[in-house]
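To start, the structure itself, in structure tokens.
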Amino acid sequence: MIEMENFTRQADGSDRKELDIAIGGMTCASCVNSIEGGMKKVEGIYNASVTLTTGRGRFVFNPKLITPEKIAEEVEDMGFDASVIGEHQTYSMERTEESADLMISGMTCSSCVHTIESAVAELPGLLSVSVALSLSKGHFKFDPNKTNIRKIKEAIEDLGFEVTLPSKVNFDHQKEHREAIRKWLHSFLWSLIFGVPCMTIMMVFMSRHSRKIHDEDLIPGLSLENLLLFLTSTPVLIFGGRLFFIQAYKALKHRAANMDVLIALATSISYAYSLAMVIIAMSLRLKSPMVFFDTPPMLLMFISLGRWLEHKAKSKTSEALAKLRSYQAVEAILCEMDKNGLITSEQSIEIEMVQRSDILKVLPGAKIPVDGIVVSGLSSVDEALITGEAMPVPKHPGDVVIGGSINQTGVLILRATHVGQDTALAQIARLVEEAQTNKAPIQKYADKIAGYFVPMIISVSMITVIAWIIVGYVNPKAIDDSMMADHGTFMGTKSPVVTHHPMTQADRIHAAMMGVHNTSTNEDPHTKHPSGTLMESMDEKIFEFAFRCALSVLAIACPCALGLATPTAVMVGTGIGALNGILIKGGEPLEIVETIKTIVFDKTGTLTKGKPQMTKVCLFVDHSLCSIGKLLALVGTAEGSSEHPIAVAITSFVKDTLEIETFATCSEFIAAVGYGLTCKVSGIEPLIDRYEEKDRLKISIASPDMTLSGVVVERLPLLENRSRGPSPVDSPAQAPQVYTVLVGNRDWMRQNGMDVSEDVDQKMMEQERKGHTAVLVAIDGVVTGMLAVADAVKPEARLAVYTLQKMGLDVFMLTGDNRRTAEAIAAEVGIKKNRIQAEVLPSQKAEKIKRLQRKDRKVAMVGDGINDTPALAQADVGIAIGSGTDVAVEAAQIVLISNDLIDVVAALLLSKKTVRRIRINFMFAIIYNLIGIPIAAGALRPLGLAIDPWMGAAAMALSSVSVVTSSLMLKTFRKPTRRDLETSEYLNSLDSRIDPDADSDLRSGSMSPISDGVIEFEGDDSLARRLRDMARRNRSHMEKDYRAVTIA
């Protein structure tokens, strides 16, 4: 063992880790309580949380006091199967230590061990290495920022040894379900094979008894019916009931009680009582008694059938998690590249060997192995499995790709950025697992009830026996002969009850021992008769009915339904959410969402796209003096030398519009902070020629308005006759080759000697009132145009806000921007002015949420940035946009993978639907037990309503299956689309989004025909029709923007 000298750093919080353990053998909530209660008493364990449906337990422990293997042993000692899945730190930080195991073959002696340890220890970043000759295994600790497991593997292979990854032992929940389904199917088949003959025998003899046909005993004390029932019930008890008895024994061994204890008690008591009565009757040579041999086969048959169906249904609740795991690739193609970017070698490696910064090749049709950035290649990628985006997403160099998505058309070369458990897919799966493990508050109450349930049922069963025996002797008529006629020989004789001078039990036993059979209650017990019974007819009826009611209580009681009500719904709901790009972290946020009355949106990056974009272009001179193409080419080239966010928005728009990659020549560039820039631009002719070849400028000749790349372009020749100085374009022959270009605000123009007219100033103010930034463009001393840039509102934002308001939620906006911008954005998305909180510092956002909560409101916060993290944590439910920062995602309880606000609506709808299903399940489980147990105990016997134990078993099995099936109904949830939410009422409200200038044109009916979807309006059209047409036009543009945003 070699320890590196610098291996002294200990991460904060290393004394507290989390451990996941797969737990088998749990049957109901009582098992959960037993494990949690017992494990919390173990030294070194701080907390324990066990979930029945996932078969998983999470334990927070101190690794200095107890090991993961010891924790698993403690669980096994409690009578359950346990296997370690994995452990991890409970804090989040940049990892500086990782460990890995490698299998090493070819070692022959301790010298080989020393050779390997010495060679590997020289690798930079290696913290410790330990090689075990007997196990042919090496354990390595290293700094992942300096080395990786592949380099360690190559170093050992260079020494002449063979190295492989150890076989992975991953917890397969579906496999666990399959094994449980197989076992319960076998149990059901054993019960069925002998249970059906048992039912047939019982029905045949009931029919014979109803016709007053009574068979003679085969031998004194043993009738043919009891013999046949004994032969069918014994194998069922041994083979069909084995699983129940094993689990019941383990539970009782640790002083716990669960559902298996009730079943074991019901079957064993009925069988033991019956066997004892028959043996006593045979030994005393009495008439064969009424027994309960039919109860175990029928009870076990129905319960094992219910368990089989229950596990089949439960296996479907975890399908979503299994599907997420199946998306992970198993291999990757590792490439080596030279300095020129050419691939020199390729090799296929296991996905576990991929490290950060590796260059990987992805072929068409293959899964992208890890998260990364495209280095070269063009393709489209199907991300529907991860983000829910239906359309393939184009990928270019520099674009981010998600591990698990499918490459479709071209070959991609990418650089790995996140590997292993850091990939988006792995984190999604982890969030879903944690969500399904975390308990909803209502589940904690259910588990507490289940902890007292079984002892309470046993007590009720004992009280039932005692009560009916007392009632039977005090009021014999309360137990009617008709209730006893359903069980063959249990009926005894049909002679009326003689109450005077009854024989005592001692007299009957004495008579039987003396060989006297069948004595009348008026006769001397020493007088011989052909046959006798151990009890009088009425005694037998009383005890039979009392025991039958007690067994029915044990059979019908069902803590399983209580235990399954919440976790199955949470599992299905969170799974469906994950498949739709909505990650809900457990049952608690699900329940809180139901009570949410206020929802607060951050502005930047949440309601808006989070980066400046062009919103409007105005041309102030005639087309003959300066075309749109020329204006864009000049301003794009000028801004191409600036890194300001506004410049980035302008250059991006120009490149998309002119379809170019590079600009013309820019010289003498000067930027004045807070004002603008000036420069000389030349060589724009090729850019203009290429643009005009596309024939896009015809639209500007026919109409004063047009749209380019979704941006409104206006021709307003305000300066046609007022231009001072040389015109931008005197004539094509005299067109200057070098242009002086100024871009900036009013002050910048005035500082450079140019006049900003009142008309131009008015156009700027129109944009500024909307919260947009307006900049002027001057070419060769003439103010030629204006560009408006803004953080554009997401196309679906208004629809999302409108839908939330219709759901009864009070929608607020919280932003650090100035009041004017905030009000402009709020007006565009439909948020009222008195619901705006503007100019709020990041540190004040959480305080604003607190103030809303003081008004007895449950508040949800939707945000994406680091500055939103305190507010997300303070809110009752934090909802993070998936494109946001990692810190925001960690602080939130709900994470939206897709950057689409419609998913906020979907998350709330799914949460409300899941909570409603939980309540339905829970109420069903409670009502079932509240009604079923009294009926089984015979409380409704005076009304003629009573049930047998096998009926109670069937009802109990049906209750568990019904709860799980009810939870599976959540699979019918479909995430709403924009088309679903765009009601006629919403479309009619879109007139508030119409630009004031366009609206004035509408009122005057002056708009002329233009292309790109703009509709021709005549002056005699009705205003209502024109508004509807305008709404349809806006909807069309929103659809285009939506697709563009989604693809981006």
### Message
Report every pair of residues separated by at least 6 positions or lying on different chains whose Cβ atoms are under 6 Å apart, first residue within the range 822-848 and over 22 Å from Gly878 (Cβ atoms), second open to solvent by less than 60 Å² (accessible area, probe 1.4 Å) and among the hydroxyl-bearing types (Ser, Thr, Tyr).
### Response
Gly830/Tyr802
### Task
Identify, by number, the condition in (1) modelled with pLDDT of 85 or more; (2) on the phi > 0 side of the Ramachandran plot that Asp856 doesn't meet.
(1)
### Message
Take the residues in the range 356-389 that are touching a helix residue (DSSP H, G or I) at 6+ places or on another chain (Cβ under 6 Å) and either part of a loop (DSSP other than H, G, I, E, B) or among the β-branched types (Val, Ile, Thr) (or both); name whichever of them is modelled with the highest pLDDT.
### Response
Pro369
### Query
Among the numbered criteria (1) open to solvent by 30 Å² or more (accessible area, probe 1.4 Å); (2) part of a loop (DSSP other than H, G, I, E, B); (3) modelled with pLDDT of 50 or more, which single criterion is violated by Pro976?
(1)
### Task
Inspect the range 954-965 for any residue being assigned to a helix (DSSP H, G or I), open to solvent by 60 Å² or more (accessible area, probe 1.4 Å) and under 30 Å from Ala824 (Cα atoms) and give the result as yes or no.
no
### Message
Looking at the range 851-864, I want the residues that are more than 29 Å from Ile897 (Cα to Cα) and have a partner that is in a strand (DSSP E or B) with Cβ atoms under 9 Å, at least 6 apart or on another chain. Which pairs are those?
### Response
Lys855/Thr598
### Query
For the range 46-80, which residues satisfy the criterion of being of a type outside the set (Val, Ile, Thr), in contact with a Leu (Cβ under 9 Å, 6 or more places away or on another chain) and assigned to a helix (DSSP H, G or I)?
Pro68, Ala72
### Task
Could you list, in sequence order, all residues of the range 195-244 that are among the small types (Gly, Ala, Ser) and crowded, with 21+ Cβ neighbours inside 10 Å?
Gly195, Gly221, Ser223, Ser233, Gly240, Gly241
### Message
One residue is enough: does the range 566-584 have a residue meeting the conditions under 25 Å from Asn818 (Cα atoms), open to solvent by less than 40 Å² (accessible area, probe 1.4 Å) and either within 46 Å of the chain's Cα centre (by Cα) or of a type outside the set (Asp, Glu) (or both)?
### Response
no
### Task
Select, from Lys168, Lys151, the only residue that is in contact with a Leu (Cβ under 9 Å, 6 or more places away or on another chain) and either under 26 Å from Glu350 (Cα atoms) or at pLDDT 85 or above (or both).
Lys151
### Query
Taking strands (runs of 3 or more DSSP E) that fall entirely within the range 570-674, which contain at least 2 residues that are under 30 Å from Met749 (Cβ atoms) and in contact with a His (Cβ under 8 Å, 6 or more places away or on another chain)?
608-619
### Task
Please tell me if Ser960 is among the hydroxyl-bearing types (Ser, Thr, Tyr), assigned by the TED database to the domain that holds Ala937 and at pLDDT below 80.
yes
#### Entry: Condition check for Ala871: modelled with pLDDT under 85 and either acidic (Asp, Glu) or touching a Pro at 6+ places or on another chain (Cβ under 6 Å) (or both)
no
### Query
Looking at the range 770-783, which of its residues are open to solvent by 30 Å² or more (accessible area, probe 1.4 Å) and under 24 Å from Val648 (Cβ atoms)?
Lys770, His772, Thr773
### Matching residues, the range 245-272, being within 18 Å of His186 (Cβ to Cβ), buried (at least 24 other Cβ atoms within 10 Å of the Cβ) and not charged (D, E, K, R)
Ile263, Thr267
### Query
Is it the case that some residue within the range 717-725 is surrounded by fewer than 20 Cβ atoms within 10 Å (Cβ to Cβ) and either among the aliphatic types (A, V, I, L, M) or at pLDDT 65 or above (or both)?
yes
### Query
In the range 787-831, what count of residues is obtained for those that are of a type outside the set (Gly, Ala, Ser) and part of a strand (DSSP E or B)?
9
### Query
Are any of the residues in the range 941-959 of a type in the set (A, V, I, L, M, F, W, C) and more than 28 Å from Thr267 (Cβ to Cβ)?
yes
### Summary
Picked from the range 614-640 (must be among the polar types (S, T, N, Q) and at pLDDT 85 or above), the residue most open to solvent (accessible area, probe 1.4 Å) is Thr615
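The rows are residues; the columns are (1) in contact with a helix residue (DSSP H, G or I) (Cβ under 9 Å, 6 or more places away or on another chain); (2) farther than 23 Å from Gly55 by Cα; (3) modelled with pLDDT of 85 or more.
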position: His177; (1), (2), (3): yes, no, no
position: Ala180; (1), (2), (3): yes, no, no
position: Ser191; (1), (2), (3): yes, yes, no
position: Gly195; (1), (2), (3): yes, yes, no
position: Cys198; (1), (2), (3): yes, yes, no
position: Met203; (1), (2), (3): no, yes, no
position: Lys212; (1), (2), (3): no, yes, no
position: Ile219; (1), (2), (3): yes, yes, yes
position: Leu222; (1), (2), (3): yes, yes, yes
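The values are calculated or read from the model by the stated rules, or taken from the named source; none is laboratory data. Remember, it's a predicted structure, so these values are computed and weren't measured experimentally. Neighbour counts run over all protein chains shown; Cβ positions are idealised from the backbone, glycine included. Calculation scope for accessible area: heavy atoms of the full protein, side chains included, ligands and nucleic acids excluded. Shrake-Rupley method; radii C 1.70, N 1.55, O 1.52, S 1.80 Å.
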